[in-house]
Amino acid sequence: MALEKTTVIHLMNEGLEMEYASQIQYLTQAAITRGPYAEGLLARFEEIASDEAEHAKLLRTRIVALGGVPTTKVGQIQIHKDSLQAVKINLKYERDTVDFYRKLLNLIPHDEVILYEAIEHILQDSQEHVEELERLVGK
Ligand SMILES: [Fe+2]
Ligand SMILES: [Fe+2]
């Protein structure tokens, strides 16, 4: 399997847009969260936001390494003032993210080691985010 550079760059830019949106979403939700569980939620949201920033950096670097131009677009952001609803929105988003990166990883040959490991790392973190959020909604 050869690396389809144009397709992969395009998808990584789609991922980059989502990472930017998700970082802003988590940070905003961290700032507005209120209620008995605010401390824990704030800490978790901020921790995940810093993972999203790292994912964006990995994507920017790999896009440039493939000869592409990293997007500056920001994807759709959803904020909810109710903390539990916010967690549910994030959980849906993270599950979609897992599907997205799983498909992207399947397009990358294993011998493209740096690229493969970068996307695998982002996929792993996204699966961790799903687990952490599932715990917050009591699943
Ligand atoms: Fe991410
Ligand atoms: Fe995430």
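The values are calculated or read from the model by the stated rules, or taken from the named source; none is laboratory data. Everything numeric in this text was worked out from a predicted model, so none of it was measured. Note: ideal-geometry Cβ built from the backbone for every residue, glycine included; neighbour counts use all protein chains shown.
Just checking, does the range 67-86 include any residue being among the small types (Gly, Ala, Ser) and under 30 Å from residue 1 (Cα atoms)?
Within the range 67-86, one or more residues are among the small types (Gly, Ala, Ser) and under 30 Å from residue 1 (Cα atoms).
For the range 4-19, name all the residues that are more than 16 Å from ligand 1 (Cβ to nearest atom) and without any contact (Cβ under 8 Å) to a residue 60 or more places away in the chain.
Hits for the range 4-19 are 6, 9, 10.
Considering the range 89-99, the residues that are surrounded by 14 or more Cβ atoms within 10 Å (Cβ to Cβ) and more than 17 Å from residue 43 (Cα to Cα) include one that is farthest from ligand 1 (Cβ to nearest atom), namely 89. What do you reckon, is residue 56 at pLDDT 95 or above, over 15 Å from the mean Cα position of the chain (by Cα) and within 16 Å of ligand 2 (Cβ to nearest atom)? No: the conditions fail for residue 56.
Residue by residue, here is whether (1) on the phi < 0 side of the Ramachandran plot; (2) aliphatic (A, V, I, L, M) holds:
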{"site": "11", "(1), (2)": "yes, yes"}
{"site": "14", "(1), (2)": "yes, no"}
{"site": "22", "(1), (2)": "yes, no"}
{"site": "25", "(1), (2)": "yes, no"}
{"site": "29", "(1), (2)": "yes, no"}
{"site": "33", "(1), (2)": "yes, no"}
{"site": "41", "(1), (2)": "yes, yes"}
{"site": "67", "(1), (2)": "no, no"}
{"site": "76", "(1), (2)": "yes, no"}
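I need the full set of residues from the range 20-43 which are within 16 Å of ligand 2 (Cβ to nearest atom), without any contact (Cβ under 8 Å) to a residue 60 or more places away in the chain, surrounded by 18 or more Cβ atoms within 10 Å (Cβ to Cβ) and not hydrophobic (A, V, I, L, M, F, W, C), in order please. If the condition is that a residue be within 16 Å of ligand 2 (Cβ to nearest atom), without any contact (Cβ under 8 Å) to a residue 60 or more places away in the chain, surrounded by 18 or more Cβ atoms within 10 Å (Cβ to Cβ) and not hydrophobic (A, V, I, L, M, F, W, C), then 20, 23 are the ones that fit. Can you find a residue that is basic (Lys, Arg) and without any contact (Cβ under 8 Å) to a residue 12 or more places away in the chain anywhere in the range 72-89? Checked against the condition, which is being basic (Lys, Arg) and without any contact (Cβ under 8 Å) to a residue 12 or more places away in the chain, the range 72-89 yields no hits at all.
Here the helices (runs of 4 or more DSSP H) wholly within the range 1-112 that include at least 3 residues being aromatic (Phe, Trp, Tyr) and either in contact with an Asp or Glu (Cβ under 8 Å, 6 or more places away or on another chain) or within 15 Å of residue 126 (Cβ to Cβ) (or both) are 83-106.
Which residue, of 123, 104, 115, is more than 15 Å from ligand 2 (Cβ to nearest atom), modelled with pLDDT of 95 or more and either touching a Cys at 6+ places or on another chain (Cβ under 8 Å) or over 24 Å from residue 38 (Cβ atoms) (or both)? After applying the criteria, what remains is 115.
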